[in-house]
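I have placed the structure first, in the form of structure tokens, so that the comments after it can refer back to it.
The values are calculated or read from the model by the stated rules, or taken from the named source; none is laboratory data. For clarity, every value in this text was computed on a predicted model and none was experimentally measured. Every residue, glycine among them, receives a Cβ derived from its backbone with ideal geometry; neighbour counts consider all protein chains shown.
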Amino acid sequence: MRNKVSVGEYLAFLSIKYEVDPDTLFYALISAGENSESTCGDLSIRCRSKMQDKTVLLITKGSKVVAQFPIPKSFLLERSNPIRNFRKTELLRRYLNKKNKGSFHIRDLRNGMKQVNLKAKVLEVAKPVLVFTRFGNYASVANALLTDETGTIKLCLWNQQMSSIFVGATVKIENARVSTFRGEKQLRIGKNGTLSVVKE
């Protein structure tokens, strides 16, 4: 993967793969450049050499080599953490999707995503509203507010979907998609999607 992406994106990939906070990783890289070595969670970072405009860093986990690469000194001098911004790229979303087999946290959801699997708790279920659909019939629709440890999102419920969940329930959603309605992100479960209550 390293040869296909920028340093920032590669470091963002490592922060996700090894479950390290991007800010902690960024400051550990700076510390290794200044003090020869540093630690970041289970990772050890060592400065192997310094050139005029690059620093070569070795990252290990125990006795296993995770990565060794040159990092531009200008990257380490950035005021805002560039690793955090790179965590939002499409490549890393695809990696997360593959790693989690489609299972996401709410903070990872972006408009347009499909085949999303999610486990969350129901905070609220709004009162249903009767709407006239584009198919020429009436349907009941309501929004449920879902939460996990990373955030909240609305789930759009149609007809019988409403009777399958309740406030306080933990639900498992499979094969949903993320869309935007009136500027707000929401989950939708289509014909191929499923919604079920998880027994605690």
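Only one of the numbered conditions (1) in a strand (DSSP E or B); (2) surrounded by fewer than 16 Cβ atoms within 10 Å (Cβ to Cβ) is not met by residue 160, and that is (1). Selection of first residues in region 109-125 that are on the phi > 0 side of the Ramachandran plot and in the same structural domain as residue 156 (by TED's automatic domain parsing) and of second residues that are among the polar types (S, T, N, Q) and part of a strand (DSSP E or B), restricted to Cβ pairs under 8 Å at least 6 apart or on distinct chains, gives the following pairs, ordered by first then second residue: 112/179; 115/175.
Of all residues in region 8-46, those satisfying the criterion of being of a type in the set (Asp, Glu) and not in a strand (DSSP E or B) are 9, 19, 21, 23, 34, 42.
Here residue 167 does not fit the description of being touching a helix residue (DSSP H, G or I) at 6+ places or on another chain (Cβ under 9 Å), modelled with pLDDT of 85 or more and either outside any strand (DSSP E or B) or closer than 17 Å to residue 123 by Cβ (or both). Checking each residue in region 89-125 for being at pLDDT below 85, polar (S, T, N, Q) and surrounded by 15 or more Cβ atoms within 10 Å (Cβ to Cβ) picks out 89, 97, 103. Counting the residues of region 32-47 that are under 18 Å from residue 61 (Cβ atoms) and surrounded by fewer than 17 Cβ atoms within 10 Å (Cβ to Cβ) gives 5.
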